[in-house]
Amino acid sequence: MTTTRGSSRGFSRRSVLLGAGAVMATAGCNLVGGGGDDPTDAGSTSGGEGGGLSGEITVALVPDPPGASEFYRAQFDLFQEANPGVTVNIIENPADQQLNALELMFQQGEGPDVMRVQGGAALTRFYDRGWVASLDDLVNDDFTARFPEGSLEPTSSGLHREGKLVSIPLVWGDWGYTHLWLYNTDILAENGYDGPPETWEEMVEMATTITENGGGSVFGVAPVAPQYFIEVVQPFAQKPGVNVTTGEPDLANPNVVAAVEVWRQLQANGVNMPGWESWDGGRPFTEFAAGRLAMYPTATWHVAEVRKLAPDIGMGIAPIPVPESGRLAYAARSAAHQPIWSMSAESANTDLALAAMDFLGSVDFYKAYYEEFGSFTASQVAWEDQAQENEDQAGILAVAATDIRTAPNPELLAQGAEAFWADAGGNADLDVKNAYLESIVSNVDYEPLAAAIDTQVEALIVQYEAENADLRSQLTFADWDPLEDYTA
Amino acid sequence: MTTAAITAPSKPGVPSKSRARRQAVLWGWLFLVPLVVLFTAFSLWPIVASWAYAFFDWDGVGPPEVFIGLDNFREALNSTSFWNAFWNSFLFSLGALFIELPAALCLAMLLNNVLLRGRNIYRLAIFLPVVSTTAVIGLVIAVLLAPVGGVVNEVLLGIGLVDRPINFLGDPNVALPTLVVVDIWKGFGITLIYWLAALQTVPKDLYEAAKLDGAGARQQLANITIPVIMPIAVVVLLLTFQRSLNTFDLVQAVTGGGPIFSTDVLPTYIYRYAFDANIAAPRYGFACAVGVIFGVFTLIITLLQGPLLAGRLKRTAA
């Protein structure tokens, strides 16, 4: 655990420049005071320079990603400058120790005033223990305008518990839900294609041609994330493969079988790039950047990694291909945001802690974070204009705008089913990934493997129904059309 | 105590023998304190704590509160993936016992020959993988064995030994044997050092006497070398067995237990349940239970070897 008090020492040159820029940018507005109609004015609801705020607060955070220590210290220095008399003490914990450290601090009556809660599961835990304060006092039109429209709905924000706002996000939720089809425009052109595949059938044809023409050094595709094919045909809840429109385990659904079959046939025909079976997370973008892999389904963060490795590569970004018959579902936005920052219910300086939360949710803070780390943050208005000028980021935004739908999240909407979700999610034997990997790699039928998992999930549901008779109905959202956004 | 009455009075300024012995014992304990404290804190306590945690449904955050009895043990023993990992761990040990040990002994005999020039250089070269970082070795191995552009496949294709690249780490049927071979290569140096140390305990005059009696190399090996090094061989065998059964870093660095768990060993299995972010919540309690089961099995297998080896020792001595 590292503690820093007051002002920072030894900032990087970039941090100093950014900090100076942010000071200039905020010179005309209060970080925690005033506030106008324009949401791009700094976050600001209470207090303000000379507004009477004084004292000390402690913020427990995680110095992640690299460079975050300097960034946070610089940002809180700005907060202190805008609020003379305020001292922000920072406690840094390694990411994998943060939750245990927070537990220990609260159990000893020394909880921080503001903390990184690291996601929904921990937020629920801390909320249930009464350690997390409501942030509803922050919510007004100005605050709401900082975030995408409708993303602060209590039933789908991911930031609410029992209808109360109890957390603030950091990075944009849709960034994590968006899945892309990356393709090398040069390799496609060399093989006579002027655009990416839009359907599974086109993908198979293009990948086969590229691999055949590649002579063992260039390959059409690698099935590093077959689940992205599944999500365009099946409205799943996350881990155990429960179809939330029926409340039934549904991994052996014919549409899912067809999605896996595409990759199995490619593997059996020697089209997939060999060796993918044992790749670690960074290997796909390494192979893509090296020009050995023409196309693959991926998460958004690979885009920046490819660009770092091969700045001049001809990289195209497209939606995940769908079946010829059309898509049956979208990538599921199960919560609008991931909860990151929360305020302690035991804070001795509530006004100051609330002001710090307001600062962490301000447009200026989000903008600074985007500029420092290149990550899309929760406040889209803070960075969207800049992102549209960047071809790669604009491509990601275009896919995100069309390929995601809000799905009902049983973990947020169904009080009482928490134990089932924890059990189902924590059992690696119920992970569908194992079934489709075995099918593709070993060239065996997927359907019986998936059916076996469905049987286990069904048994688990029945087991939990003994204690919670309403469980099945809590998993079912029969009125939801998977091709539309879910609205509670 | 009557002892005090019959003890001769010590000379002034000269401590009695018993006092000196007591002081020596006290100093001994004093020097042991750091070791005892560290051993208790970092070895004994984690072991005992893991036994306790194994009875809880615990995610590692906060104190364990949900006592579930033997459920974690029951789940592990009924899980096919647990037995798959267990079997794979056992295969690593079999490879070490039946390939690494005899091969290292043969090479040690060669390198123990004083007539061999540059033998220290050979020893150093063979020992280098032992002190090399496993993660780096893992990365290098993955690159060398890659089916596309990997040096090994390029060579095999070039000399016509294969007509298509071998998917060393991606084929579930090939990945485990590949890792066993790499593990043997990585640990070969330490086993070699054990054998060299054992061979150097054999008195040279035994060989000289045998030569005078007209014994050949084979007879010297069977009647002198093997019997003399056998007590140390038991220790070498147990150490090699323990090391190979706990293979973790190599597997984690090269395949992560994949593809489709074909190289999964119990340490990676435990790691996955305790730390893998892909599982919704870490299951420290379950991971501890698997660790306890693993420890018990290791102990049983080790104890089983003891009587067998002791019996062999007696036969050899006779």
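Go through B:Leu161, B:Leu156 for me and flag whichever is open to solvent by 60 Å² or more (accessible area, probe 1.4 Å) and not β-branched (Val, Ile, Thr). Before you say what the answer is, go through the steps one by one.
On the way: B:Leu156 fails: open to solvent by 60 Å² or more (accessible area, probe 1.4 Å).
Result of the check over B:Leu161, B:Leu156: B:Leu161.
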Discussion item. I'd like to know if segment A:399-419 contains one or more residues that are buried (at least 16 other Cβ atoms within 10 Å of the Cβ), among the small types (Gly, Ala, Ser), in a helix (DSSP H, G or I) and in contact (Cβ under 8 Å) with a residue 24 or more places away in the chain.
Written reply: yes
Fill in: Selection count where residues are open to solvent by 40 Å² or more (accessible area, probe 1.4 Å) and assigned to a loop (DSSP other than H, G, I, E, B), scope segment A:109-129
4
Worksheet item: Within segment A:141-185, which residues are in a loop (DSSP other than H, G, I, E, B), farther than 22 Å from A:Ser344 by Cβ and not aromatic (Phe, Trp, Tyr)?
Response: A:Arg146, A:Pro148, A:Glu149, A:Gly150, A:Ser151, A:Glu153, A:Thr155, A:Ser156, A:Thr178
Fill in: Tally of residues being surrounded by fewer than 16 Cβ atoms within 10 Å (Cβ to Cβ), under 27 Å from the mean Cα position of the chain (by Cα) and not small (Gly, Ala, Ser) across segment A:84-107
4
Worksheet item: Can B:Glu100 be described as among the acidic types (Asp, Glu), touching a residue at least 12 places away in the same chain (Cβ under 8 Å), open to solvent by 40 Å² or more (accessible area, probe 1.4 Å) and in a helix (DSSP H, G or I)?
Response: no
Item to complete: Specify the residue that is nearest to B:Pro177 (Cα to Cα); the eligible residues are those in segment B:72-90 that are of a type outside the set (Gly, Ala, Ser), within 11 Å of chain A (Cβ to nearest Cβ) and free of Cβ contacts under 8 Å to residues at least 40 places away in the same chain.
Response: B:Thr80
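Free of Cβ contacts under 8 Å to residues at least 40 places away in the same chain and more than 30 Å from A:Pro274 (Cβ to Cβ), is that true of B:Gly160?
Working: free of Cβ contacts under 8 Å to residues at least 40 places away in the same chain: yes; more than 30 Å from A:Pro274 (Cβ to Cβ): no.
No; evaluated as a whole, the condition is false for this residue.
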Discussion item. Testing A:Thr455 on (1) within 13 Å of chain B (Cβ to nearest Cβ); (2) open to solvent by 20 Å² or more (accessible area, probe 1.4 Å); (3) of a type in the set (S, T, N, Q), one condition comes back false. Which one is that?
Written reply: (1)
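Kindly indicate which of A:Ala310, A:Ala294 is modelled with pLDDT of 95 or more and within 14 Å of another protein chain (Cβ to nearest Cβ).
Criteria check complete, one pass: A:Ala294.
Looking at segment B:166-177 only, could you name the residues that are open to solvent by 60 Å² or more (accessible area, probe 1.4 Å) and within 13 Å of chain A (Cβ to nearest Cβ)? Outline the logic, then answer.
Filtering segment B:166-177 for residues open to solvent by 60 Å² or more (accessible area, probe 1.4 Å) gives B:173, B:177.
Across segment B:166-177, the qualifying residue is only B:Asn173.
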Fill in: Single residue of segment A:420-437 satisfying the filter (over 16 Å from A:Ala451 (Cα atoms), out of contact with any Phe, Trp or Tyr (no Cβ under 7 Å at 6 or more places or on another chain) and not aliphatic (A, V, I, L, M)) that is most open to solvent (accessible area, probe 1.4 Å)
A:Asp423
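With the structure loaded, tell me whether A:Glu277 is within 14 Å of chain B (Cβ to nearest Cβ) and part of a helix (DSSP H, G or I) or whether it fails that test.
On the way: within 14 Å of chain B (Cβ to nearest Cβ): yes; part of a helix (DSSP H, G or I): yes.
Yes.
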Discussion item. Exactly one of these conditions fails for A:Gln234: (1) outside any helix (DSSP H, G or I); (2) open to solvent by 30 Å² or more (accessible area, probe 1.4 Å); (3) in contact (Cβ under 8 Å) with a residue 40 or more places away in the chain. Give me its number.
Written reply: (2)
Item to complete: Output the qualifying pairs, or none if there are none: Cβ atoms under 8 angstrom, residues six or more apart or on different chains, first residue in segment A:200-217 and more than 18 Å from A:Ala259 (Cβ to Cβ), second residue modelled with pLDDT of 95 or more and in a helix (DSSP H, G or I).
Response: A:Ile210/A:Ile187; A:Ile210/A:Leu188; A:Asn213/A:Glu190
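Counting only residues that are away from every other protein chain (no Cβ under 14 Å) and assigned to a helix (DSSP H, G or I), which one in segment A:438-452 is surrounded by the most Cβ atoms within 10 Å (Cβ to Cβ)? Break it down stepwise before answering.
Kept after step one, since they are away from every other protein chain (no Cβ under 14 Å), are these residues of segment A:438-452: A:445, A:447-448, A:450-451.
Then keep just the ones that are assigned to a helix (DSSP H, G or I); that gives A:447-448, A:450-451.
Details: A:Glu447: 18, A:Pro448: 11, A:Ala450: 23, A:Ala451: 16.
In this case the residue turns out to be A:Ala450.
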Response to the item:
If we keep only residues of segment B:241-257 that are buried (at least 23 other Cβ atoms within 10 Å of the Cβ) and at the interface with another protein chain (Cβ under 9 Å from one of its Cβ atoms), then the residue farthest from B:Asn72 (Cα to Cα) is B:Val254
Fill in: segment B:258-278: number of residues that are over 21 Å from B:Val140 (Cβ atoms), part of a helix (DSSP H, G or I) and more than 10 Å from chain A (Cβ to nearest Cβ)
5
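Taking the condition of being basic (Lys, Arg) and either free of Cβ contacts under 8 Å to residues at least 60 places away in the same chain or buried (at least 23 other Cβ atoms within 10 Å of the Cβ) (or both), how many residues in segment A:317-366 meet it? Break it down stepwise before answering.
Taking segment A:317-366 first, the residues basic (Lys, Arg) are A:327, A:333.
Now restrict to residues that are either free of Cβ contacts under 8 Å to residues at least 60 places away in the same chain or buried (at least 23 other Cβ atoms within 10 Å of the Cβ) (or both): A:333.
Of the residues in segment A:317-366, 1 are basic (Lys, Arg) and either free of Cβ contacts under 8 Å to residues at least 60 places away in the same chain or buried (at least 23 other Cβ atoms within 10 Å of the Cβ) (or both).
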Worksheet entry | Of all residues in segment A:137-151 being open to solvent by 30 Å² or more (accessible area, probe 1.4 Å) and in contact with a Leu (Cβ under 8 Å, 6 or more places away or on another chain), the one that is nearest to A:Phe477 (Cα to Cα) | A:Thr144
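Evaluate the following for B:Arg123: is it modelled with pLDDT under 95, over 21 Å from B:Ile229 (Cα atoms) and among the charged types (D, E, K, R)? Please lay out each step first, then the result.
Details: modelled with pLDDT under 95: yes; over 21 Å from B:Ile229 (Cα atoms): no; among the charged types (D, E, K, R): yes.
Here the answer is no, as B:Arg123 does not meet what is asked.
Restricting segment A:280-291 to residues that are at the interface with chain B (Cβ under 9 Å from one of its Cβ atoms) and under 25 Å from the mean Cα position of the chain (by Cα), which is farthest from A:Tyr228 (Cα to Cα)?
Going through segment A:280-291, the residues at the interface with chain B (Cβ under 9 Å from one of its Cβ atoms) turn out to be A:280, A:283, A:287, A:290.
From the residues that got through so far, the ones that are under 25 Å from the mean Cα position of the chain (by Cα) too are A:280, A:283, A:287.
Working: A:Asp280: 18, A:Arg283: 18, A:Glu287: 19 Å.
Only one residue tops the list, namely A:Glu287.
Give the residues of segment A:237-257 that are assigned to a strand (DSSP E or B) and open to solvent by less than 30 Å² (accessible area, probe 1.4 Å), sorted by residue number.
Step one: of segment A:237-257, the residues assigned to a strand (DSSP E or B) are A:242-243, A:248-249.
Across segment A:237-257, the qualifying residues are A:Val242, A:Asn243, A:Pro249.
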Item to complete: For segment B:116-165, name all the residues that are on the phi > 0 side of the Ramachandran plot and at the interface with chain A (Cβ under 9 Å from one of its Cβ atoms).
Response: B:Gly149
Discussion item. Just the residues that are closer than 15 Å to B:Phe188 by Cβ and open to solvent by 70 Å² or more (accessible area, probe 1.4 Å), please, taken from segment B:127-141.
Written reply: B:Leu128, B:Val131
Discussion item. Aliphatic (A, V, I, L, M) and part of a loop (DSSP other than H, G, I, E, B): which single residue out of A:Ile317, A:Ile340, A:Ile313 fits that description?
Written reply: A:Ile313
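Give the residue, chosen from A:Ala60, A:Ala68, that is surrounded by fewer than 22 Cβ atoms within 10 Å (Cβ to Cβ) and within 24 Å of the chain's Cα centre (by Cα). Working first, answer last.
Working: A:Ala60 fails: surrounded by fewer than 22 Cβ atoms within 10 Å (Cβ to Cβ).
Going through A:Ala60, A:Ala68 in turn, the sole match is A:Ala68.
The values are calculated or read from the model by the stated rules, or taken from the named source; none is laboratory data. As the structure is a computational prediction, the values presented were derived from the model and not from experiment. A quick note on method: Cβ atoms are made from the backbone with ideal geometry, for glycine too, and the neighbour counts reach across all protein chains shown. Just the protein is used for accessible areas: all its heavy atoms, side chains included, with ligands, DNA and RNA removed. Shrake-Rupley method; radii C 1.70, N 1.55, O 1.52, S 1.80 Å.
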